[in-house]
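Each reported figure results from applying straightforward, stated rules to the coordinates on display, with no laboratory input. None of these values were measured; they are calculated from a predicted model. We place every Cβ from the backbone using ideal geometry, glycine too, and count neighbours over all the protein chains shown.
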Amino acid sequence: MLESFQRLVPYNLEVGSAALAILATFLGLHALRRLVSLVRIARTPSPFPKLYTPFQPFTVPGALISTSFWNHGPDWHWVRRFQTYHQNETVNLVPILAGVPGLWTSSIEIGRQTIPGSQRSSFVKPDRLSLALLAWGMNIVSADGAVHRKHRRIVSPSFGPELYQLVWTKTAEFYRDMLEVEGWNHKNSVDVPAVTNITTKVAFLLISTCGFGFPSTWDTPPTAPDGGMSIQEALKIVTQTSVVDVVIPKWLWYLPIPSLREARIARERLHAFMKEQVADRKAAVAAETKDTRTDIFTLMVKANEDESAKYQLEDQELIGNIFVLLFAGHETTANSLAVTLAFMAIDVNLQNEVLRQITSVLGSRHELQYDDYPKLDKVLACFYEAIRIVPAGHVLIREATEDTVITVPNPVGEEGTQAIPIAKGTEIMVDMVGVQYNPRYFKDPTVYKPSRWYGLPPESEQFTAFSVGPRACLGRKFATVEATCFLSHLLKDWQVQPVLLPGESNEAWIARIINKSRVSLTLTIGEFPLRFVRRQPA
Ligand code: HEM
């Protein structure tokens, strides 16, 4: 036994050294290849300035290391929003150790040529960026080309007047619910330590009722009548743990760790429930039962059943689309609402101006209604301007599917354009932060100035933060109706005030709050407190 062990040890050592040698050769070759490629990139003239960084921001090391003087982390385009595009509206970000070079652009003209995807351009939306979303099925956000067209054809008819009426009614209902449940009705002043808790709850309840058709209230309990997890709770847990889905292997869900177990149960519960719901809604359409529900899920199943077989979506795709609306529409709206309130808090004159519009639209009535929405353009403008300053949809990534050419406008002040060749495989990041701070499009881009949007025609593409063209945000009006309704109700009853640190000015406060924003799936503002002071009747 001992003898055979002694014979094995040198053998194992030999195998170990051989493996190490192979690994070292492999790493050496990789480093050499990378070096050769870097030298080639550095020597090749580029129409755009090259910025060097250790890691591409969306590789694992790039995403884990935050932005600093030596690294471009996942939020570098936000952190350096005032510096990046001084020299040129587009830059070439070249990673030295990991990832491939890519163009980052603050030009919406380049965006218009790349964002539409393979339907109308030589660019595609890469699959690997949508893994968290694809876990529930193919969907409108992840799909490209003909598949995207099919999904948009089924999903978009749900976004019509019936839905927006429901969004308005439910938002007003949740606002009143909030006042009651949180005890605001009995107070003259309310301090809210984390405003995003409120805006996130509003946005979540809205997507849950108007998107999924789940009846919810401000204090829906987390347990179902049978003692199990309620659907609303399952939905909340799934939303909060969506990124985990992509990062951890499936077997990990089954480890005896309470949080993982809870997340797995939430997924299973929701999945089973959604399958049941598709069947239920299909049966209602088939039986021609009068279904008065106007949530997106119900309307989408109806549109799908009315469609010819060629364009119909599978059940799993219907479920994929419903989920994607949750992710696309909930955090984005919640953050933008919170940013709006932060800016309004430091500007009493703006609040008064908006309040005058709200009271004039209201007239002698007690309640605002959906028909009032187009007349509340100043409220909407405050929301738009907040999205411009902190664009929740912060970067749109596309990849060239063939060698192609893009048309790039000459620098501001110079007429004309240039045709720039783009090689197959080049990634173009349309930096929505850069676009919103680009002086070509905005005078004083760093200033919060809602009046730029007063009287803007509905759905105008002059406002670009919901994206542009055939892949522009489908939920834009959902978000704007929700925001206009919530803000109008709130501002009518309450004055918003910042909670300053001792000696802090309003300007320092807003800069501190806004600079806390960070990139996750969306660009999110951190927690911050606000004070709401009840308005006295005039
Ligand atoms: C302030 C709120 C919102 C902002 C700033 C926003 C922004 C955006 C942006 C920039 C895109 C383009 C993404 C890309 O091409 O990669 C997009 C797409 C999309 N958004 Fe929104 N969004 C918001 C709210 C919503 C809401 C409330 C919903 C649904 C209820 C929604 C549903 C969608 C969908 C389905 C798409 C994909 C459209 C397509 O590819 O055809 N969004 N959004």
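Observations, loosely collected:
- Inter-site label distance for residue 443 and residue 226 at 7 Å from Cα along Cβ, in nm: 6.4 nm
- 3J(HN,Hα) couplings calculated from phi for the range 455-466 with the Karplus curve 6.51 cos²θ - 1.76 cosθ + 1.60 (θ = phi - 60°) are, in sequence order, x, 5, x, x, 6, 4, 7, 5, 8, 9, 6, 9 Hz; Gly and Pro show x.
- FRET efficiency, 1/(1 + (r/R0)^6) with R0 56 Å, evaluated for residue 364 and residue 415 via beta carbons: 0.55
- Angle between the chain longest axis and helix 331-345 axis [Cα atoms, degrees, rounded to 10]: 60 degrees
- Lysines whose Cα lies under 25 Å from that of residue 250, excluding same-chain neighbours fewer than 8 positions away: 236, 275
- DSSP bridge pairs, the chain: antiparallel proportion in percent, nearest 5: 75 percent
- Relative to the Cα centre, the charge distribution of the chain, modelled as +1 at Lys and Arg Cβ and -1 at Asp and Glu Cβ, gives a dipole magnitude of about 860 debye.
- Amide H contacts of residue 53: 94, 96, each under 5 Å away and 5 or more positions distant or on a separate chain (H built 1.01 Å from N in the peptide plane; Pro and chain starts excluded).
- Cut-off 13 Å (backbone N to label point 7 Å along Cα→Cβ of residue 461), residues of the range 140-160: none
- Distance between modelled label sites at residue 217 and residue 506, nm, 7 Å Cα→Cβ extension: 3.9 nm
- Working from label points 7 Å from Cα in the Cα-to-Cβ sense, the residue 36 to residue 59 distance is 1.8 nm.
- Distant-in-sequence amide H partners of residue 422 (H built 1.01 Å from N, under 5 Å): 404, 405, 406
- Between residue 229 and 224, the built amide H atoms are under 5 Å apart, and every one of these is 5 or more places off in sequence or on another chain.
- Between the Cα long axis of helix 2-43 and the first principal axis of the chain there is an angle of about 70°, rounded to the nearest 10.
- Efficiency of FRET from Cβ geometry, residue 189 and residue 82, R₀ 41 Å, rounded to 0.05: 0.70
- Cβ-Cβ distance of residue 276 and residue 135, R₀ of 25 Å, FRET efficiency by 1/(1 + (r/R0)^6): the value works out to about 0.85.
- Under 17 Å from residue 477, Cα to Cα: lysines that are on another chain or at least 8 residues apart: 170, 375, 378
- Globularity index of the chain, i.e. its alpha-carbon radius of gyration over 2.2 N^0.38 Å: 1.08
- Seen against the Cα atoms of the chain and their longest principal axis, helix 348-362 is set at about 60 degrees.
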